[in-house]
Amino acid sequence: MALLPVAEALQRLLDGATALPGESVPLADASGRVLADPVVALRTQPPFNASAMDGYAVRAADVASAPARLSVIGMAPAGRGFTGSVGKGEAVRIFTGAPLPEGADTIVIQENVRDLGGGGIEVTEPTVEGRNVRRRGLDFCEGDLLLEKGRQLDPAALSLAASANHPSLNVVRQPLLAIIATGDELLPPGSALGPDQIISSNACGVTATAQSVGARALDLGIAADRKDAIAALVKKAVKAGADVIVTLGGASVGDHDLIHDVLTGEGMQLDFWKIAMRPGKPLMFGRLGDIRCIGLPGNPVASLVCSQLFLKPLLARLGGRSCRQEIRTARLGVAMHANDLRQDYVRAVVREDAGGLIATPFGIQDSSMLRMLADANGLIVRQPFAPAAEAGEECSVLMLR
């Protein structure tokens, strides 16, 4: 099978991927979720003309000039309005959020009032009609469209939905990613290692990638290098309702690289296998019914770079989100050799100087070296057959953070 260009591989992987169906969740559980339906106001806010300040509800005609003396005839705390009517020369003590009493049209703030005792006050500053009054429907009215479908729910959006009297919201179901690591040599973090064993680190990074776009991750553990062991975990993933299955390692062509045979044996229709990129050449993709299956390389850096380029956009789309890779133009900090037929993603440190961004690649790019990836904040993207480049020449950088 010929090596597939990166752009074509991504297009084929995303082909037909749309937001998953909606589900209703309580407002308290909706933070960060994506709306599957628009949100319409179920009430008017404020539902009545309300005081915007602590002070006195009055008639504007009585306080057009100052000083003005008025008689206090009652009180209106928030949640318990004054039931009478304000007449000429009268005032009602009122607090923020309380309904404006009948007959009143203005609020005089308490700082502009002097208590004369015996139920009398003196307004010391003139106030115009409507001052410090929040009119009914100032924020929104019943039936107004408040939030569009596809909106990610941040604190302001959640508060708005709550004020519109929504106890729950219909949001896009979070994609479920099932992760299967493979390899006799792997043990989970914290294990006591034998002389021929290493720590399984890829699942942790892939889980974090999934969670960064709102997906759920189900780590099914490590399968031994046996077809039956791998198949058992694939069956678990299917039973769990996974939308995407990711396998870690075992997708190449060695005697112990069994993923392709197992997945096709379970019914997967292979779409592509092997991409013209470095690191990450042995990436595999296919469909097992409605489940998308991605075979990531076992080398840690290749696994995480492929997760950034392919898995993250897929999970974002299934979750109703956008996922735009940040590509910036920089200048090379050092010279680089000509590239071969594969698109290269070169770990680099990107810094800013007076002339813009400078991207300096690490001298060693071995795909097993995680520390270098953790230190990098960008990947220099070199196109297939790119000619040699001198220090100072422009380059494209995929920003990691």
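The values are calculated or read from the model by the stated rules, or taken from the named source; none is laboratory data. In this text the structure is predicted, and so the values were computed from the model without any measurement. Every residue, glycine among them, receives a Cβ derived from its backbone with ideal geometry; neighbour counts consider all protein chains shown.
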Mind checking which residues of region 351-366 are under 26 Å from residue 275 (Cα atoms) and either in a helix (DSSP H, G or I) or touching a strand residue (DSSP E or B) at 6+ places or on another chain (Cβ under 8 Å) (or both)? 359, 360, 361, 362, 365
I need the full set of residues from region 361-396 which are buried (at least 19 other Cβ atoms within 10 Å of the Cβ) and either in the same structural domain as residue 307 (by TED's automatic domain parsing) or not hydrophobic (A, V, I, L, M, F, W, C) (or both), in order please. 361, 367, 378, 382
Can you pull out every residue in region 326-343 that is surrounded by 14 or more Cβ atoms within 10 Å (Cβ to Cβ) and not charged (D, E, K, R)? 330, 332, 333, 334, 336, 339, 343
Among the listed residues 84, 89, 79, 97, identify the single one that is touching a helix residue (DSSP H, G or I) at 6+ places or on another chain (Cβ under 9 Å) and farther than 30 Å from residue 286 by Cα. 89
Positions within region 367-399 being out of contact with any strand residue (DSSP E or B) (no Cβ under 6 Å at 6 or more places or on another chain) and among the aliphatic types (A, V, I, L, M), in sequence order: 369, 370, 374, 386, 388
What residue, of 78, 64, is hydrophobic (A, V, I, L, M, F, W, C) and modelled with pLDDT of 95 or more? 64
Scan region 89-102 and tell me whether some residue there is on the phi < 0 side of the Ramachandran plot, surrounded by fewer than 16 Cβ atoms within 10 Å (Cβ to Cβ) and in a loop (DSSP other than H, G, I, E, B). yes
Would you mention how many residues in region 13-43 are more than 30 Å from residue 285 (Cβ to Cβ) and surrounded by 18 or more Cβ atoms within 10 Å (Cβ to Cβ)? 3
Assess whether residue 183 counts as being crowded, with 17+ Cβ neighbours inside 10 Å and at pLDDT 90 or above. yes
Members of region 316-350 that are without any contact (Cβ under 8 Å) to a residue 40 or more places away in the chain and assigned to a loop (DSSP other than H, G, I, E, B): 322, 324
